[in-house]
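Shown next, in structure tokens, is the structure this report addresses.
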Amino acid sequence: MKKRLGLDIGISSIGYGVIEYDDENFDGKIIDAGVRIFTVAENPKDGSSLSKPRRDAKSTRKRLSRKSNRLYNIRKLLISNNFITQAQIEELWTQNKQLKDLWDLRKDALNRILSNDEFYRILMYIAKHRGFKSTRKSEEAQKEGALLKSIKENNEEFEKNNYQTIGEMFASKFTNGVPKRNKKEKYNNSISRELLEKEIDIIFEKQRQFGSKIATTEIQDKYKSIAFYQTPLQSMANMIGYCTFEQNEKRAPKCAYTSEIFTSAGTLVNLSLIDEEGNSRFLTGEEINDIIELAHKQSKVTFKQAKNLLNLDDEVKFNSLNYNKKDKDGNIINPEIKTTLIELKNYHKIKKSIEQNLGKTYFETIKYDQDLFDNIATTLTYEKTDENIVKRLKSLGIDNEIIKSVKDLSMSKTMHLSIKAIKKILPYMLQGMKYSHACEEAGYNHSIVLKNKIKSTQLPVLTKEELTTNPVVNRAISQTRKVVNALIRKHGSFDNIIIETARDLSKSFKERREIKQAQEEFQKEKEKARQRCIEHGLDPDKPKSNLLRFRLFEEQGGFCIYSGKPIKPERLADPNYTDIDHIIPYSRSFDDSLNNKVLCLSEENRQKGNKLPYEYIDQSKWYEFTQRLKTYHLKTAKFNRLIKKSYSQEGFISRNLNDTRYISRFIKDYIKENLDFNNNLKVETRNGSLTAFLRTQWGLIKNRDESDKHHALDAIVLACSTQGMVQYLSTISAKIENYEFINGKKPRFKKPWETFNEDLEIALSNIFVSRTVNAKVSGQIHDETIRSAKHLDEGFTTLKTPLEKINLTTLDKMYDKERNIDLYNIIKTRLEQFNNDPKKAFEEPLYMKLSKEKEEKGQNAPQIKSIKIKDTSVAGIKIRNGLAWNAAIIRVDLFTKENRSGKKEYFFVPIYISDMGKELPNKAISKSKNGWIEMDANYNFCFSIYSNTLLSINMTGNPEDENFWYFRSIDRSDSRLTLDSHDRSIKEKRISPKNAFSIKKYQIDVLGEYHEVKREKRQHLKGAKYGI
């Protein structure tokens, strides 16, 4: 018997199944099965890298540190030059007198001599708020958005009104209640650093004219060198990785001309055209080149423009477009008109800049100079300062006039391949070859890096160069390696490894989110159809096919799909009146999807038999049939199946036996090129639709919501999906299609072996799902929201809350409500007008009422944007004279102590990220009025609990009451735990185990083998002092 391993690999799970199977006698047994669950390697909110918050925080710390150092050095400069004394500085912030507005001071500086402390305030303020300056002039020119738009508008206003300084301009603007600081996501008062530098020069010059002895040119120059210094960006050249194929060549910039042609060719070679009769074809090499030539002439090529260029019929559809999208009014949108097929975005950037400076005639002389465009893009990607850009372009021999034209452009990001490798592959793709075939023709192989390794009986860790660019995929590969290696150590070598990768594994976060949204919309529509089904007097659940019949009935406008005869809705429940038919017979396609199902009269189904609609419908009626289909509400995929004229069963089997997606091939090559058992190991890939087909035929039900064990179910099915098995199924499928119904059902295919289903049920019941423990200390220390601690002694804090988050209940907690009763009533009235819906209530701005005196002066009513809310909680971390909630509990330390009755009591000490570098916390959660309980020498430390730590909890002491749980979180108000069962058949179970009979901790490996942790020493946080 041969030993086979099935692997079902997803973005956060790996299911595995090991069987021994006798191909000749169709006999076998399941010898192992399990599931490994891990965290997706991305931010669940937006799909960004998990390291992004850390990078952003590091960048912020650097920025704040530089600002602090800048202000310190300026203060030191001014004090050392007797500009001001330390005592005068301290007095500025301790005296009670009202200080003059800084903007008015800056205006005054043009008309009178300033006192030392006034001059000091101006210099420190400008150094702190030194305006916007890009590290490159190009980015300032190219960036779009509110910030640069506001800067441009303020510059234009400054020049138009002939202000001397930007300070003078804003001093004139900041009257009658006009806000001086930018509000959240507003940039009205943003200015360029250049204007501030000019202002400093003018102020110093004016002060010297007024006789100031401290406004020396020496201080002026030193001040500017400190206040306006910006660290130049370094060249990116040394940070660029190397090509996958040409390992001594740097990766090509994404913006390079060669890269853009390569990307466009990749899109076009995978584009297929589907005609009115359902026939499909790919683009020819000539058509691909024609479309790319059009992309040189215009900035974007839409699908509609490509169709017109190729003189395609209007009825031709593109496989990558969704022709079922509707606008807000429910009208079908033609996606071809606005959807971009390809674009040479950066080629046109360069073209536009050169034509603007040197003219269109000049560009015509260089438009085919591919190396020129590649060199420009490479330089703009690698270099990030104007000086380095000019220097590098000159070294490449590029004309000075071209350099002047393009140096202000900005480009970034790289490909996985070098320009050299792309140039070898591209000619074959322009002939119409797929990327994989083109690579082979160019002498490259997808797994060339992996093939250079020495094979062994264990999978190696992939190097940085060998990994993909997708961190989600990389983590899935890493976990696959651990599972496979563990299985090899446990069971020895395998004869066959069969892999299925989830369809969402290779998709981006955006694509996965769109799929999820589509699934949710599908479920909503299904539920609406259920209600309509009931309204028509049809039970949607008895039998379950009733709901599907009704949905197909509506989709087809109430007509039989083949004959066009009306279907009587009152007879839908009659199983002898209508049938749900597979458009492409199930025996030929194994396709049981909704897109392959239609509703027809039973007599039509019997006559159609094992045929395609084209083979069944009289040819004289075919045109009428296709035109009638267009009047129904059919999805494109279903419509294409209905008009298909031929179907290759062998092609379907081949596609499903060999999943050709890149990620599937990558994992297959990774395993095949690194494992060697001296037995000619076969590694194969499968398509998910084949697994679904086999599950159906073998009578297996997959319920994703029931538990995580369905991953193992699929893996076992995969292990049984040998080529011989599938070929066998295909040979007898036609016979099955023509069998008579038995009790309303057709007989199923033969199972892998006689007791397969029973064996599978036993194997699944014995699975203990393994989960990765998250013991990594990372993330922000505290919540970003900081509450005011001014009233901490009074037992509360305050939080400035935007109106969009204020409802009537929150409003009642308004701070100082009695003194601000007018403000309270204005907000309350607006909320009551909109049924306490804050989003709707405050879509329009809300303003305070002005007194008659202020109205007569022409003052503007101040807008209400937020109010202070009282928060009775006084817990948190002290940050900048305020309080912030602890961001996350990184672990919980469990302690125990016998109570007066001699029974154990458990105590939970939460540890936060903010505790890093400090003495270990020793206070356990308690609801006592006396506060949390100090864990002194009378309490015994048990162990630390992290996210996904495996625990067993027994509340009674009876062995049968012991349950295993994975820890999720703890409620810091009452120490209740939130837990999941190992397979998530029970989710978010909340229990209070303080008085449990026993709580034990277990370690678990990748295969679900677990053992109790008998002893554990309390681990101290890095840099922390030692506690108990």
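The values are calculated or read from the model by the stated rules, or taken from the named source; none is laboratory data. Please read all numbers here as calculations on a predicted model, not as lab measurements. Note: ideal-geometry Cβ built from the backbone for every residue, glycine included; neighbour counts use all protein chains shown.
Of all residues in region 201-248, those being assigned to a loop (DSSP other than H, G, I, E, B), closer than 24 Å to residue 75 by Cβ and of a type in the set (D, E, K, R) number 1.
Going by what's in this entry, would residue 969 be described as more than 16 Å from residue 904 (Cα to Cα), assigned to a strand (DSSP E or B) and among the small types (Gly, Ala, Ser)?
yes
Taken over region 321-373, the criterion of being surrounded by fewer than 17 Cβ atoms within 10 Å (Cβ to Cβ), in a helix (DSSP H, G or I) and under 32 Å from the mean Cα position of the chain (by Cα) is satisfied by 345 alone.
Every residue, every condition in (1) within 20 Å of residue 976 (Cβ to Cβ); (2) assigned to a strand (DSSP E or B), yes or no:
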| site | (1), (2) |
| --- | --- |
| 853 | no, no |
| 861 | no, no |
| 868 | no, yes |
| 873 | yes, no |
| 883 | no, yes |
| 891 | yes, yes |
| 894 | yes, yes |
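I'd like to check something: does region 872-879 contain any residue that is without any contact (Cβ under 8 Å) to a residue 40 or more places away in the chain and assigned by TED's automatic domain parsing to the domain that holds residue 806? Yes, there is a match, as at least one residue in region 872-879 is without any contact (Cβ under 8 Å) to a residue 40 or more places away in the chain and assigned by TED's automatic domain parsing to the domain that holds residue 806.
Residue-level check: of (1) farther than 26 Å from residue 324 by Cβ; (2) without any contact (Cβ under 8 Å) to a residue 24 or more places away in the chain; (3) surrounded by 19 or more Cβ atoms within 10 Å (Cβ to Cβ); (4) not aliphatic (A, V, I, L, M), residue 587 misses just (2). Which of the residues spanning region 608-628 are more than 13 Å from residue 583 (Cα to Cα) and either modelled with pLDDT under 90 or assigned to a helix (DSSP H, G or I) (or both)? Scanning region 608-628 gives 619, 620, 621, 622, 623, 624, 625, 626, 627, 628. Can you tell me which of 663, 667, 671 is over 26 Å from the mean Cα position of the chain (by Cα), of a type in the set (Val, Ile, Thr) and either part of a helix (DSSP H, G or I) or within 23 Å of residue 26 (Cβ to Cβ) (or both)? It is 671. One residue alone among 423, 482 is touching a helix residue (DSSP H, G or I) at 6+ places or on another chain (Cβ under 7 Å), surrounded by 15 or more Cβ atoms within 10 Å (Cβ to Cβ) and in a helix (DSSP H, G or I), and that residue is 423.
The residue that is nearest to residue 187 (Cα to Cα), counting only those in region 118-168 that are modelled with pLDDT under 75 and among the hydroxyl-bearing types (Ser, Thr, Tyr), is 134. From the list 258, 284, the lone residue that is of a type in the set (S, T, N, Q), crowded, with 17+ Cβ neighbours inside 10 Å and under 30 Å from residue 445 (Cα atoms) is 258. Of the residues making up region 945-957, those that are under 22 Å from residue 1011 (Cβ atoms) and assigned to a loop (DSSP other than H, G, I, E, B) are 946, 948, 949, 957.
Would you point out the residue of region 492-515, among those that are assigned to a loop (DSSP other than H, G, I, E, B) and among the polar types (S, T, N, Q), that is farthest from residue 668 (Cα to Cα)?
First, pick out the residues of region 492-515 that are assigned to a loop (DSSP other than H, G, I, E, B): 492-495, 502-508.
Now restrict to residues that are among the polar types (S, T, N, Q): 493, 506, 508.
Values: 493: 17, 506: 14, 508: 21 Å.
This residue is 508.
Restricting attention to region 748-771, the residues that are touching a Lys or Arg at 6+ places or on another chain (Cβ under 8 Å) and either modelled with pLDDT under 95 or part of a loop (DSSP other than H, G, I, E, B) (or both) total 4. Pairing residues of region 977-992 that are free of Cβ contacts under 8 Å to residues at least 12 places away in the same chain with residues that are surrounded by 18 or more Cβ atoms within 10 Å (Cβ to Cβ), at Cβ distances under 6 Å and at least 6 apart in sequence or on separate chains, gives 987/980. You will find that of 576, 546, the residue that is modelled with pLDDT of 85 or more and in a helix (DSSP H, G or I) is 546 and no other.
Here are some residues: 928, 901, 873. Which one is surrounded by fewer than 16 Cβ atoms within 10 Å (Cβ to Cβ), of a type in the set (Ser, Thr, Tyr) and closer than 30 Å to residue 822 by Cβ?
Just one listed residue meets the conditions, 873.
For region 596-607, indicate whether the set of residues that are modelled with pLDDT of 85 or more, of a type outside the set (A, V, I, L, M, F, W, C) and under 27 Å from residue 332 (Cα atoms) is non-empty. Yes.
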